[in-house]
Each structure stands twice: as structure tokens, then as C-alpha cells.
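Visitor: Mind looking over this structure? Questions follow.
The values are calculated or read from the model by the stated rules, or taken from the named source; none is laboratory data. Quick caveat: nothing in here was measured; it's all calculated off a predicted structure. Cβ sites come from the backbone with ideal geometry, for glycine too, and all protein chains shown count toward neighbours. The area values use the complete protein model at the heavy-atom level, side chains included, leaving out ligands, DNA and RNA. Shrake-Rupley method; radii C 1.70, N 1.55, O 1.52, S 1.80 Å.
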Amino acid sequence: MTSQSGNNEPKPGFLPIETNWFDRLFISIVIWVALSLFWMRFIEPIGLSVWFAAAISAVLGAYIVWKG
């Protein structure tokens, strides 16, 4: 008996490459590091804490892993 759930089929996402969950996690971590460095160089001297960048990266990373 075979299952018709389709779990093995790749789900199309918004990323222009075929990825699995680990690839999307890696992309999210790279974006987190890049955003944190950008934030510390340009935004933090203005007065906003780097924790805002961490929160933005967490939300963006969760979206990329889930929908990417």
C-alpha cells in the first residue's frame, strides 16, 4: 500500500534553487551573520541595539526555512 501524501516530492518555494531544509537553514545563518555585521557597522552607532537585528534575522530565518 502506498501513501499519497507526497512527502517525498520537492515543494516549490521562492528561492531560485532547489534546496532541502538544511540548505535553507544554512542560508538563514549566513543572512543572520551578514545582517549582524551590517547592523553593528551602520545602525548600532545610531543607537539601535544589535538585538533588533537578531530578532529580524530570527523571523526572516524561520520564514526562509519554512517557505523557501
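Visitor: For region 14-38, which residues satisfy the criterion of being among the charged types (D, E, K, R), open to solvent by less than 100 Å² (accessible area, probe 1.4 Å) and without any contact (Cβ under 8 Å) to a residue 24 or more places away in the chain? So that I can check it myself, show each step before the final result.
Guide: Filtering region 14-38 down to residues among the charged types (D, E, K, R) leaves 18, 23-24.
Now restrict to residues that are open to solvent by less than 100 Å² (accessible area, probe 1.4 Å): 23-24.
Residue satisfying the conditions is D23 alone.
Visitor: Scan region 41-61 and report the pairs whose first residue is without any contact (Cβ under 8 Å) to a residue 24 or more places away in the chain and whose second residue is part of a helix (DSSP H, G or I) and open to solvent by 70 Å² or more (accessible area, probe 1.4 Å), with Cβ atoms within less than 6 Å and a gap of 6+ or a chain change.
Guide: Taking only residues 6 or more apart or on different chains, the pairs are V50/M40; V50/E44.
Visitor: Can you find, within region 39-68, the residue that is surrounded by the most Cβ atoms within 10 Å (Cβ to Cβ) among those that are aromatic (F, W, Y) and touching a helix residue (DSSP H, G or I) at 6+ places or on another chain (Cβ under 8 Å)? Let's see the steps before the verdict.
Guide: Going residue by residue through region 39-68, those that are aromatic (F, W, Y) are 39, 42, 51-52, 63, 66.
Within this subset, residues satisfying the condition of being touching a helix residue (DSSP H, G or I) at 6+ places or on another chain (Cβ under 8 Å) are 39, 52.
Values: W39: 19, F52: 12.
Looking at residues that are aromatic (F, W, Y) and touching a helix residue (DSSP H, G or I) at 6+ places or on another chain (Cβ under 8 Å), I get W39.
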